[in-house]
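Worksheet for the structure shown next.
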Amino acid sequence: MAPSVLTAQRGRYAWDWTDWAAHLYLLAGVVLMFGPIAWLGLSSLKSETGLNLFPPTFLPYEQATVDAGERGKLRLFKVTEGDHQGETLAELRRIGRQAQLIDPAHPETIIRRPGAAREPVMQVRAAVENYSGLFSQFNFLRYFWNSGFITVVATLLTLLVNSMAAFGLSKYRFQGREPVFLLMLATLMIPPTIVLVPNYLIATELGLTNSLWGVIWPAVATPTGVFLLRQYMLTLPDELIEAARMDNASEWRIYWRIILPLSAPALAVLAIFSVMWRWNEFLWPMVVLSRSEVYTLPLALNSFQGELTTQWNYLLAMTVVTLVPITVIFAILQKHITQGIASAGVK
Amino acid sequence: MSGSLSLRRVRKSFGAVDVIRDVSFDIRDGGFTVFVGPSGCGKSTLLRMICGLETVSAGEIAIGGDVVNHVPAARRGLAMVFQSYALYPHMTVFQNMAFGLENIATPKPEIERRVAEAARMLKLDTYLQRKPTALSGGQRQRVAIGRAIVREPRIFLFDEPLSNLDAELRVGMRAELTDLHRRLGTTMVYVTHDQTEAMTMADTIVVLRAGHVEQVGAPLELYNNPCNLFVAGFIGSPRMNFLDGVSVGQGAVEVSGIGRFETLATELPAGGRATIGIRPEHIRLDDTIGGRVSDAGGNRVSDAGGNRVSDAGGNHVSGTVAGVEQLGGLSYLRLASPDVTVQIAGQTGLGYGDAVSVHLPPAAIHVFDADGLAVGRRSP
Amino acid sequence: MTPLTTLFGVVMNLPERPMRWAQGRLREGRLGWVFVAPNLAVFALFSFLPVAIDIYYALTGGTALLPSERPYVGAENFSSLLVCDNYFDADSCRRDVFWHGIWNTLRFVVFQVGLMLSLSLVTALVLNRKIIGRGFFRAAFFYPVLLSPVVVALIWKWILQREGVLNAGFASVGAAPVNWLLDANWAFFWSVFVSIWAHMGFYTLILLAGLQAIPAEVHEAASMDATPPFRHFRKITLPLLMPNLLVVLVLGLIRAVQMFDEVYVLTGGGPGTATTFIVQYIYKTGFADQVRQYGLAAAASLLLAFVLLGLTLVQLKGMRRGA
């Protein structure tokens, strides 16, 4: 990278080579970032045979078939040598090195050809059965529901509990307020990985193992959320609260009718964080949820990929479905998310 | 429900700092009282103690005869208009005004009736569905007042409500508030640091300094008979001129380097330090002495009149013009040695460096003793 | 929407009565505690109490989960973890996997944080120029940050398969296919690569925000002084960005030390122990092994906690200086 590319120089009129280099760098970056995801998406539309092709095809190819009435779906081949060279025939069955083929137009005549003298007819087709199969062959809806339930409930509780704490810490003067705030910040230094074992004990004692609540409860108090909301609430004028008190509002009403609506921007940032955290969480759910009917999507994905005969067609489809909700949220709220994270400086 | 208010030996301290020390006064039902004082004098704290947002360290606050020291803010039957208005930004004008009534479970039709009435009174009818951010400063101010009105309080409290408005709007709102007071007839307590607001709106002014009440009285009473140096200097704009000197007996005060002034404060004992004060409009410009002569004839006539009356008492001083402020209808001359400001009716032709002679009529001179307290005199 | 809003309103009105009751009995200040209490309770139960239990577990042995059934063993868990014949040869240690974990984590932290921050800085600098479609590029680099680590790992696992698209690319230029995730060095390389791919957008975003917070006048003044570009970067941009860089560095270190999810799904810690990191050791010892040795896992957690504590203190100090 040339030195001049390293400096911020805005407001030029003519493009010099550094501008070209910068845009080229970014375009390459976009390919590197989106390429693998696009490849995942394309692959998830391939049938099992399409996935096994090597070298892999760009588009989802699979062998063309023809519907032959009571004989079911037959695969199509192109004969490469001999009598029927160039014709497209459907394979009835294969016996040893001989293949029995029929012409779809004249299904009554059976043509016997050596198996080697033909090649499959390929066509582009999106294998949507990868997706529909998720519902029919796996407990997929259950995983989706588990993930969704945890994400939604934990986020709502996080917003409630954290905003209450932030309100208490920002708008009341009481003995021990500073120590409490510092104590809460100190939990930043106790990442979940450190307390994995004891938390498992506590979850066991509380009967939370193999329960979605076992993932939800430990997550509802977050130092990041308290900090973020407190900093925001400090900027709300105290006069508003005094005005509300003069207006006969109870403290609870002040909290949820005045402070909560006014903290909406900070709550939105925290909500996005929380959704991201809970939807993607892996290690703690893996410890606390061991029965497959309480699996979240990441757990289900992990367990399927670990199985000996990985069914990649379903696994890829499930991966896509897992990333879709986050992607949709990001697409809609892209600006708010990036700005919120940049301003909060946390993830 | 009487809107009288009385404070008995009220104190407030934040830790070791005494913010309010021993304040006592009474406000009658239906009055318009203004607390005025420089910033940090405790006037806002006093107001917040009355409305219940601050606790009282000692003493009693009574509203309508009942001691309310331990009654929560909301149950004191007061309404407050905050300096920043404190409108709920996420609610419409209607919701802002209705919020307090909803909190006490007022029936819907009643809420609508009261809000509509207040809105009509404040000319806010067409803005009811707007959010505060879509309103001008003056309109926000009116919403804040409307929010107070709908609660039908015993006393309205205003905490520097006009300080966020521009000068022109402020004058208009002053008049509106006075009108409102006349129409509602409710007790109003108003805090400001601006003595002009106090003079123009109040029927009673409470002058505060450093947590003390300096003087309580009607505006003109404070203006004409300030009881100490602080009140004398604080009330009136431009402020009263002060000259420090020594009492030489029989009401005369010797100001070193300037001269000797006769006053009516004959009971002032000789020998002590004393300060004389005179308002700019009470100083008379003598006819001529050297330099240029004022062309404004009317000026001279009145000056001449003043001169003649008090010639006998002396009290003439000469000085040079250090600056002139021409306001059209009035002019102010700033003199150097003695450092005084003189108000002249009409316009003047005097300019920088001109020598003038002025006369200080003894009857217009306020005298303050070494402690800054006014020494008895008749009002002019 | 309306029934939902009504429901929300009803639910949120429920605490009104108990709170009014509390309000009547407590002084204003004490009410702060009422609001803080739920959050504090969760912290106490799932953060503070566990630290205490961690210490207890670390000092007791056996395989029982219940603290009362665990015999006291003193510092045995720690010594068992820490004793080595030769500290530079993990295989000579009693807990060789733990030491492999330490060395792998160290190696990973150095490469991952170093490369990731360099790339993030360059990308942020590029994005801070007059770029057409900056918002799009920023979003594109950031997007993988939002993905689940499991998803990230599977995306790359699919690409890195023996019959995957990467080997196909190699084959098309005549190169032999590589077992990317079955070769120790390559597996480590891809662990670093994938974690950078997944996280650099976050650091880019923070650094870009820092760059944009530098007033344009400063750059303009430097340009007026005819500062050469590299000197401009070194003497103006870099010092002004320093507080952000420090924050990002410590944040990156804290995260890298705890790396687990992506790599675990991608390589399972293998081949052998080539990509087994500390956290995976804790997880394996406490939850995945046949014999669950909670004491060892807790002791390892505490050792990790000390490292994180040190890093966090550095971060707080840096933030204070930056502020």
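The values are calculated or read from the model by the stated rules, or taken from the named source; none is laboratory data. This one's a predicted model, so the numbers in the text were calculated from it and none came from an experiment. Glycine gets a Cβ as well: all are built from the backbone with ideal geometry, and neighbour counts include every protein chain shown. Note: accessible area is taken over every heavy atom of the protein model, side chains too, but ligands, DNA and RNA are not part of it. Shrake-Rupley method; radii C 1.70, N 1.55, O 1.52, S 1.80 Å.
Of the residues C:Leu106, C:Leu59, C:Leu66, C:Leu31, which single one is in contact (Cβ under 8 Å) with a residue 24 or more places away in the chain and either open to solvent by less than 20 Å² (accessible area, probe 1.4 Å) or more than 30 Å from B:Leu53 (Cβ to Cβ) (or both)? Only one candidate passes the filter, namely C:Leu59. Total residues in region A:168-198 satisfying the condition of being more than 20 Å from C:Ala37 (Cα to Cα), open to solvent by less than 20 Å² (accessible area, probe 1.4 Å) and in contact (Cβ under 8 Å) with a residue 60 or more places away in the chain: the figure is 2.
Within region B:259-278, being open to solvent by less than 50 Å² (accessible area, probe 1.4 Å) and either under 22 Å from B:Val342 (Cα atoms) or among the aromatic types (Phe, Trp, Tyr) (or both) holds for B:Gly259, B:Phe261, B:Thr263, B:Ala274, B:Thr275, B:Ile276, B:Gly277, B:Ile278. If we scan region B:92-104, do we find a residue that is at pLDDT 90 or above and in a loop (DSSP other than H, G, I, E, B)? Scanning region B:92-104 turns up at least one residue that is at pLDDT 90 or above and in a loop (DSSP other than H, G, I, E, B).
The set of residues from region A:74-131 being assigned to a strand (DSSP E or B), touching a residue at least 40 places away in the same chain (Cβ under 8 Å) and open to solvent by 50 Å² or more (accessible area, probe 1.4 Å) comprises A:Arg75, A:Lys78, A:Glu119, A:Pro120, A:Met122, A:Gln123, A:Val124.
Checked against the criteria, B:Gln129 does not count as more than 9 Å from chain A (Cβ to nearest Cβ), surrounded by fewer than 21 Cβ atoms within 10 Å (Cβ to Cβ) and not in a loop (DSSP other than H, G, I, E, B).
Being crowded, with 21+ Cβ neighbours inside 10 Å, within 14 Å of chain B (Cβ to nearest Cβ), under 30 Å from B:Gln83 (Cα atoms) and not aromatic (Phe, Trp, Tyr) is true of A:Ala244. The helices (runs of 4 or more DSSP H) found wholly in region C:3-115 and carrying at least 2 residues that are facing chain A (nearest Cβ under 8 Å) occupy C:16-25, C:28-43, C:49-58. Residue count for region B:137-175, restricted to those that are open to solvent by 40 Å² or more (accessible area, probe 1.4 Å), touching a helix residue (DSSP H, G or I) at 6+ places or on another chain (Cβ under 6 Å) and either under 23 Å from B:Arg75 (Cα atoms) or not assigned by TED's automatic domain parsing to the domain that holds B:Val191 (or both): 1.
Scanning region B:316-354 for residues that are among the aromatic types (Phe, Trp, Tyr) and either crowded, with 17+ Cβ neighbours inside 10 Å or not in a loop (DSSP other than H, G, I, E, B) (or both) yields one hit, B:Tyr332.
Somewhere in region A:262-279, is a residue more than 11 Å from chain C (Cβ to nearest Cβ) and touching a Pro at 6+ places or on another chain (Cβ under 8 Å)? Scanning region A:262-279, I find at least one residue that is more than 11 Å from chain C (Cβ to nearest Cβ) and touching a Pro at 6+ places or on another chain (Cβ under 8 Å), so the answer is yes. For B:Ile235, state whether it is surrounded by 23 or more Cβ atoms within 10 Å (Cβ to Cβ), among the β-branched types (Val, Ile, Thr) and in contact with a Ser or Thr (Cβ under 8 Å, 6 or more places away or on another chain). Judged against the criteria, B:Ile235 is not a match.
I'd like to check which strands (runs of 3 or more DSSP E) are fully inside region B:176-219 and have at least 1 residues that are open to solvent by 50 Å² or more (accessible area, probe 1.4 Å) and under 20 Å from B:Ile20 (Cα atoms). Qualifying strands (runs of 3 or more DSSP E): B:204-209, B:212-217.
May I ask you to verify whether A:Glu251 is facing chain C (nearest Cβ under 9 Å) and surrounded by 21 or more Cβ atoms within 10 Å (Cβ to Cβ)? For A:Glu251, the condition - facing chain C (nearest Cβ under 9 Å) and surrounded by 21 or more Cβ atoms within 10 Å (Cβ to Cβ) - is met.
Conditions tested, residue by residue: (1) assigned to a loop (DSSP other than H, G, I, E, B); (2) of a type in the set (Lys, Arg); (3) farther than 29 Å from A:Trp145 by Cα; (4) at pLDDT 90 or above.
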{"position": "A:Pro198", "(1), (2), (3), (4)": "no, no, no, no"}
{"position": "A:Ala203", "(1), (2), (3), (4)": "no, no, no, yes"}
{"position": "A:Gly207", "(1), (2), (3), (4)": "yes, no, no, yes"}
{"position": "A:Trp213", "(1), (2), (3), (4)": "no, no, no, yes"}
{"position": "A:Pro218", "(1), (2), (3), (4)": "no, no, no, yes"}
{"position": "A:Phe227", "(1), (2), (3), (4)": "no, no, yes, no"}
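If the condition is being more than 7 Å from every other protein chain (Cβ to nearest Cβ) and either open to solvent by less than 10 Å² (accessible area, probe 1.4 Å) or at negative phi (or both), then region A:199-216 contributes A:Tyr200, A:Ala203, A:Glu205, A:Leu206, A:Leu208, A:Thr209, A:Ser211, A:Leu212, A:Trp213, A:Gly214, A:Val215, A:Ile216. Of all the criteria given as (1) aliphatic (A, V, I, L, M); (2) closer than 30 Å to C:Ala64 by Cα; (3) open to solvent by less than 10 Å² (accessible area, probe 1.4 Å), the one not satisfied by A:Leu229 is (2).
Scanning region C:271-302 for residues that are touching a residue at least 24 places away in the same chain (Cβ under 8 Å), of a type in the set (A, V, I, L, M) and either open to solvent by less than 10 Å² (accessible area, probe 1.4 Å) or more than 10 Å from chain A (Cβ to nearest Cβ) (or both) returns C:Ala274, C:Val279, C:Val291, C:Leu296, C:Ala297, C:Ala298, C:Ala299, C:Ala300.
Taking first residues from region A:258-279 that are touching a residue at least 12 places away in the same chain (Cβ under 8 Å) and partners that are open to solvent by 30 Å² or more (accessible area, probe 1.4 Å) and of a type in the set (Lys, Arg), the Cβ contacts under 9 Å between residues at least 6 apart in sequence or on separate chains come to A:Phe273/A:Lys347; A:Met276/A:Lys347; A:Trp277/A:Lys347.
Filter region B:105-124 down to the residues that are modelled with pLDDT under 90 and farther than 21 Å from B:Phe156 by Cα and list them by number. Correct list: B:Ala105 only. The helices (runs of 4 or more DSSP H) located wholly in region C:256-323 that include 1 or more residues which are more than 25 Å from A:Leu301 (Cβ to Cβ) occupy C:294-322.
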